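The values are calculated or read from the model by the stated rules, or taken from the named source; none is laboratory data. Note that the structure is a prediction, hence the values are computed from the model and not measured. Cβ placement follows ideal geometry from the backbone for every residue including glycine, while neighbour counts extend to all protein chains displayed.
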Amino acid sequence: MVVITPILIILNVIIYFLTQDPVSHVKYGLNFYFFQGAWWQPVTSMFMHASLTHLAMNMVVLFQFGYLLEKELNAHLKYLLIYLGGGVVTSLLTIYFMAYFGLDHNVVGASGAISVLFGWFAKKDPHLRKGLIVAILIISFVPLLMGIPVAWYGHLIGFGLGYLLGFVL
């Protein structure tokens, strides 16, 4: 029985419509205000999206992979911890990556947490591994070639973290 994935999707949709203003994006997105005390950003940024298209793409992928992982684990709390915990750690690693390389912008979206799911599946299923690696590279770099800003490093960090979690757990 899948319980968590639809709730995550509904939360993302609701939060998208509640935070479509520049002040919310700066306050709740992942940016350098984190280092000035905005400790909530690694969590809140995972539920925000830059556009309706961004939201739709992430929710379709979350539905596909979240549904499969939640069903496979048959442990809703474990799945929720992988998604949220993995997403938060991905956000933290992302903001420190940005700080190290002097990247100063706002990061929003569920992509980091979803990339954790990709990494988990890549470790657990060798038949899916190559396809998932190609998929993560495509969603990370093709938008950049089209002039669409994407936090590619967040995707790669999440994927690597998910792979590691798949190995450890």
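In a residue-by-residue description of region 151-168, the property of being part of a helix (DSSP H, G or I), farther than 23 Å from Tyr33 by Cβ, modelled with pLDDT of 95 or more and in contact with a Lys or Arg (Cβ under 7 Å, 6 or more places away or on another chain) applies to at least one position. Exactly one residue out of Ala151, Ala113 is in contact with a helix residue (DSSP H, G or I) (Cβ under 6 Å, 6 or more places away or on another chain), among the hydrophobic types (A, V, I, L, M, F, W, C) and under 23 Å from Asn31 (Cα atoms), and it is Ala113.
Every residue, every condition in (1) assigned to a helix (DSSP H, G or I); (2) under 30 Å from Phe35 (Cα atoms); (3) among the β-branched types (Val, Ile, Thr); (4) without any contact (Cβ under 8 Å) to a residue 40 or more places away in the chain, yes or no:
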{"residue": "Thr94", "(1), (2), (3), (4)": "yes, yes, yes, no"}
{"residue": "Ala99", "(1), (2), (3), (4)": "yes, yes, no, no"}
{"residue": "Ala113", "(1), (2), (3), (4)": "yes, yes, no, no"}
{"residue": "Val116", "(1), (2), (3), (4)": "yes, yes, yes, no"}
{"residue": "Trp120", "(1), (2), (3), (4)": "yes, yes, no, no"}
{"residue": "Lys123", "(1), (2), (3), (4)": "yes, no, no, no"}
{"residue": "Leu128", "(1), (2), (3), (4)": "yes, no, no, yes"}
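Within region 136-151, restricting attention to residues that are among the β-branched types (Val, Ile, Thr) and under 20 Å from Ala122 (Cα atoms), the residue that is surrounded by the most Cβ atoms within 10 Å (Cβ to Cβ) is Ile136. Scanning region 130-150 for residues that are farther than 19 Å from Phe101 by Cα, among the β-branched types (Val, Ile, Thr) and part of a loop (DSSP other than H, G, I, E, B) returns a single hit, Ile148.
Could we say that Lys27 is free of Cβ contacts under 8 Å to residues at least 40 places away in the same chain, surrounded by 12 or more Cβ atoms within 10 Å (Cβ to Cβ) and of a type in the set (D, E, K, R) here? In short, yes. Scanning region 32-56 for residues that are buried (at least 18 other Cβ atoms within 10 Å of the Cβ) and either among the acidic types (Asp, Glu) or within 15 Å of the chain's Cα centre (by Cα) (or both) returns Gln41, Pro42, Thr44, Ser45, Met46, Phe47, Met48, His49, Ala50, His54, Leu55. Only a single criterion out of (1) in contact with a Phe, Trp or Tyr (Cβ under 7 Å, 6 or more places away or on another chain); (2) in a helix (DSSP H, G or I); (3) charged (D, E, K, R) is not satisfied by Lys78, namely (1).
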